[in-house]
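Peer 1: A single structure is presented below for examination.
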Amino acid sequence: MNNLEYKQKLINDNDKKELNEKHLLKMNDPYKNKILLSSYSGLTNDPVGLNYFKGEYNIFLQNAPFTHWHANKSWGYFKTKNFKDYKYLGLAITPSIDEDLNGAFSGSAFIEEGELKYFYTGNRKVNDERISHTIEAKVDVENKETHKKVLFKNPEFTNGECRDPYIFKDGKNKFMACGASNGKKGVFLLWIYDYEKKQWNFHCELKIDLPLELEGYMIECPSFIKINEKDWLLAWSNEQTEEQTPFMHHKTLYAIGNFDKDFMSFKLITEPKLINEGPDFYAPQFFESENGNMMTGWLGNSKNEQNASQENCWAFDLALIRDVNVIDKVLYQKPVIKQLMSEEVFNSFESLNWKNEPLYIQATNKKDFFLEIFNDKNEKLRLVFDGEILKVERDEMTFTDKINLPSYEVNLSSVSEVEIIIDSSVIEIFFNNGEKVISIKYFVKDPSNLNSNLEIKKIVKLNPLNIEWENNIFKQSN
């Protein structure tokens, strides 16, 4: 099938054989990561519908199951109790009705009075014009069936560029936030729920005084998390044109602020800061966990292709799950990784017999450092920090791509504590107890050597995720 045919294709049980064949290709790809979640087959996109319910975590991800490019977006479904042992239940939400015929886009989960519901954007293309609707879904795991209810068509002034509903409450009021474009810039839109009439009513285009360079042309994936009686953490993704920002025109940001009494405006009390310092992370979603708040994101962006794995018909992963906390109005991220640590612990690279197993590295830095990951052909990823600027050098990898995998520099200021997690084609680094984080994609085939001048505290080999795969396609009804 060509790109257009896949975008128009509905998914049913007759597709299981093809999906299984593509799953096997992916599982044998040398760049497939071992401790990161990704789709059964095809392209992985945003984390969606994340929640903790009745003792289990429900982790969904957007998935184009047939291809390594964006087409036929659906929701793949994982369950876990411990972030080590997972069960993949199949494609839980797939295009099936006129309002989502061209894709089930991003969304979130909400639990109220013991009932778990999902909310997402249904995408429809008619004569190259986008039409979007907000849809509610209930997922029946036992019967492998998803029930859909179209809530409303998104506002006309967005021209279909309105998406990613996120539900939150303040007291007795329940709100839905969506990211959108008003044709001139990116905006946040709010709806409020009428409990008496059991319907969502449009509330406002939320007034937020963002710096001009952060307005962009599209807001995506908003999250509002209450951190005390009056202050909220606002997180969002910001899409800009290449003319606005030649590098990193996809940014993930957060700020602390508070609403006015009518929830018509949101006043920032901190400057917006990056959630991730690099271009390989986008669309984070925050959710309540058993003991606080957690977050993950997509290791990619919509202007980025993962051509290194296209022959095996897969692309991208979700980032590591993080615990997140706000301390003195600063967001700190801590990788949820202890459950994967083996008993193989080392105190230097020289003592490490490394054969491309996932690694956790804890280190300190006095002033500057370098880190190299390379193979026997000296194909490598090289990171160099001079005390202020981190250089990510990707020009000597096995697979190079100056458009999708450029070398780049970021300003980190001072770095003292460093936590590094290395997988087959992703490295994530948490600086200064998670005050700053960078996620980096790299493609070095069969890496077997590490070199660095960091002061190593410990190196721990990590066990891969244990995933039980079920190739199910849930029945869709409305």
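Peer 1: What single numbered condition from (1) closer than 18 Å to LEU268 by Cβ; (2) in contact with a strand residue (DSSP E or B) (Cβ under 6 Å, 6 or more places away or on another chain); (3) not basic (Lys, Arg) fails to hold for ASP209?
Peer 2: Evaluating ASP209 over (1) closer than 18 Å to LEU268 by Cβ; (2) in contact with a strand residue (DSSP E or B) (Cβ under 6 Å, 6 or more places away or on another chain); (3) not basic (Lys, Arg) leaves (2) as the failure.
Peer 1: Looking for whichever is farther than 24 Å from PRO284 by Cβ and not in a strand (DSSP E or B) here; the options are LYS148, LYS230, LYS184. Which one fits? Give the derivation first.
Peer 2: Details: LYS148 fails: not in a strand (DSSP E or B); LYS230 fails: farther than 24 Å from PRO284 by Cβ.
Of LYS148, LYS230, LYS184, the one residue that is farther than 24 Å from PRO284 by Cβ and not in a strand (DSSP E or B) is LYS184.
Peer 1: Here is a list: VAL460, VAL444. Which entry is hydrophobic (A, V, I, L, M, F, W, C) and in a loop (DSSP other than H, G, I, E, B)?
Peer 2: Numbers: VAL460 fails: in a loop (DSSP other than H, G, I, E, B).
The conditions single out VAL444.
Peer 1: Cβ-Cβ distance below 6 Å, separation of 6 or more or different chains: which pairs start in the range 447-462 with a residue that is among the hydroxyl-bearing types (Ser, Thr, Tyr) and end on one that is outside any strand (DSSP E or B)?
Peer 2: SER448/ASN375
Peer 1: Out of all the residues in the range 111-124, which are surrounded by fewer than 19 Cβ atoms within 10 Å (Cβ to Cβ) and either farther than 30 Å from TYR195 by Cβ or not acidic (Asp, Glu) (or both)? It would help to see each step written out before you state the result.
Peer 2: Filtering the range 111-124 for residues surrounded by fewer than 19 Cβ atoms within 10 Å (Cβ to Cβ) gives 111-117.
Correct list: ILE111, GLY114, LEU116, LYS117.
Peer 1: Does the range 119-127 include one or more residues that are touching a Gly at 6+ places or on another chain (Cβ under 6 Å), in a strand (DSSP E or B) and among the charged types (D, E, K, R)?
Peer 2: No, because not a single residue in the range 119-127 is touching a Gly at 6+ places or on another chain (Cβ under 6 Å), in a strand (DSSP E or B) and among the charged types (D, E, K, R).
Peer 1: Identify all residues within the range 284-308 that are of a type in the set (Gly, Ala, Ser), modelled with pLDDT under 95 and either touching a Pro at 6+ places or on another chain (Cβ under 9 Å) or part of a loop (DSSP other than H, G, I, E, B) (or both); write none if there are none. Let's see the steps before the verdict.
Peer 2: Taking the range 284-308 and keeping what is of a type in the set (Gly, Ala, Ser), we get 289, 292, 297, 300, 302, 308.
If we keep only those that are modelled with pLDDT under 95 too, we end up with 289, 292, 300, 302, 308.
Selection gives SER289, GLY292, GLY300, SER302.
Condition check ((1) touching a Phe, Trp or Tyr at 6+ places or on another chain (Cβ under 6 Å); (2) surrounded by 22 or more Cβ atoms within 10 Å (Cβ to Cβ)) across all residues:
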residue: TRP75; (1), (2): yes, yes
residue: PHE83; (1), (2): no, no
residue: LYS87; (1), (2): no, no
residue: ALA92; (1), (2): yes, yes
residue: PRO95; (1), (2): no, yes
residue: SER106; (1), (2): no, yes
residue: ALA109; (1), (2): yes, yes
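Peer 1: Restricting attention to the range 29-73, and to residues there that are surrounded by fewer than 24 Cβ atoms within 10 Å (Cβ to Cβ) and acidic (Asp, Glu), which single residue is nearest to THR94 (Cα to Cα)?
Peer 2: Only one residue tops the list, namely GLU56.
Peer 1: Also, I was wondering about something else. Take the range 129-153 and flag every residue that is out of contact with any Leu (no Cβ under 7 Å at 6 or more places or on another chain) and either surrounded by 18 or more Cβ atoms within 10 Å (Cβ to Cβ) or of a type in the set (A, V, I, L, M) (or both). Talk me through it step by step, then tell me what you get.
Peer 2: Going residue by residue through the range 129-153, those that are out of contact with any Leu (no Cβ under 7 Å at 6 or more places or on another chain) are 129-133, 137-140, 142-153.
Within the range 129-153, ILE131, SER132, HIS133, ALA137, VAL139, THR146, LYS148, VAL150, LEU151 meet the criteria.
Peer 1: Please go through the range 259-308 and pick out each residue that is among the aromatic types (Phe, Trp, Tyr) and farther than 25 Å from GLU205 by Cα.
Peer 2: PHE281, TRP298, listed by residue number.
Peer 1: Just checking, does the range 465-475 include any residue being assigned to a loop (DSSP other than H, G, I, E, B), within 26 Å of the chain's Cα centre (by Cα), surrounded by fewer than 15 Cβ atoms within 10 Å (Cβ to Cβ) and among the acidic types (Asp, Glu)? Working first, answer last.
Peer 2: Here is the first cut: in the range 465-475, the residues assigned to a loop (DSSP other than H, G, I, E, B) are 465, 470-472, 474.
Right, trim to within 26 Å of the chain's Cα centre (by Cα) and you get 465, 470-472, 474.
Going one step further and asking which of them are surrounded by fewer than 15 Cβ atoms within 10 Å (Cβ to Cβ), we end up with 470.
Adding the requirement that they be among the acidic types (Asp, Glu) leaves 470.
Yes, the range 465-475 contains at least one residue that is assigned to a loop (DSSP other than H, G, I, E, B), within 26 Å of the chain's Cα centre (by Cα), surrounded by fewer than 15 Cβ atoms within 10 Å (Cβ to Cβ) and among the acidic types (Asp, Glu).
Peer 1: Considering each of TRP75, TRP69 in turn, give the residue that is in the same structural domain as ARG322 (by TED's automatic domain parsing), among the hydrophobic types (A, V, I, L, M, F, W, C), under 17 Å from LEU299 (Cα atoms) and in a loop (DSSP other than H, G, I, E, B). Break it down stepwise before answering.
Peer 2: Details: TRP75 fails: in a loop (DSSP other than H, G, I, E, B).
The conditions single out TRP69.
Peer 1: Report the residue count in the range 337-357 for those that are surrounded by fewer than 17 Cβ atoms within 10 Å (Cβ to Cβ) and of a type in the set (Val, Ile, Thr).
Peer 2: Residues flagged as surrounded by fewer than 17 Cβ atoms within 10 Å (Cβ to Cβ) and of a type in the set (Val, Ile, Thr) within the range 337-357 amount to 1.
Peer 1: Considering (1) within 30 Å of ILE269 (Cα to Cα); (2) free of Cβ contacts under 8 Å to residues at least 24 places away in the same chain; (3) among the basic types (Lys, Arg), say which one LYS377 fails and leave the rest.
Peer 2: The failed condition is (1).
Peer 1: Further question: Looking at the structure I just gave you, is ALA180 touching a helix residue (DSSP H, G or I) at 6+ places or on another chain (Cβ under 6 Å) and buried (at least 21 other Cβ atoms within 10 Å of the Cβ)? Give the steps one after another, and end with the answer.
Peer 2: Working: touching a helix residue (DSSP H, G or I) at 6+ places or on another chain (Cβ under 6 Å): yes; buried (at least 21 other Cβ atoms within 10 Å of the Cβ): yes.
Here the answer is yes, as ALA180 does meet what is asked.
Peer 1: Still on this structure, please answer the following. Restricting to the range 250-264, name every residue that is without any contact (Cβ under 8 Å) to a residue 60 or more places away in the chain and not small (Gly, Ala, Ser).
Peer 2: Residues of the range 250-264 that are without any contact (Cβ under 8 Å) to a residue 60 or more places away in the chain, as a first pass: 250-253, 255, 257-258, 260-262.
Once the filter is applied, which keeps residues that are without any contact (Cβ under 8 Å) to a residue 60 or more places away in the chain and not small (Gly, Ala, Ser), the range 250-264 yields HIS250, LYS251, THR252, LEU253, ASN258, ASP260, LYS261, ASP262.
Peer 1: Filter the range 278-304 down to residues that are farther than 19 Å from LEU50 by Cβ and surrounded by 23 or more Cβ atoms within 10 Å (Cβ to Cβ) and give me whichever is farthest from the chain's Cα centre (by Cα).
Peer 2: By that ranking, first place goes to PRO279.
The values are calculated or read from the model by the stated rules, or taken from the named source; none is laboratory data. Note that the structure is a prediction, hence the values are computed from the model and not measured. Neighbour counts run over all protein chains shown; Cβ positions are idealised from the backbone, glycine included.
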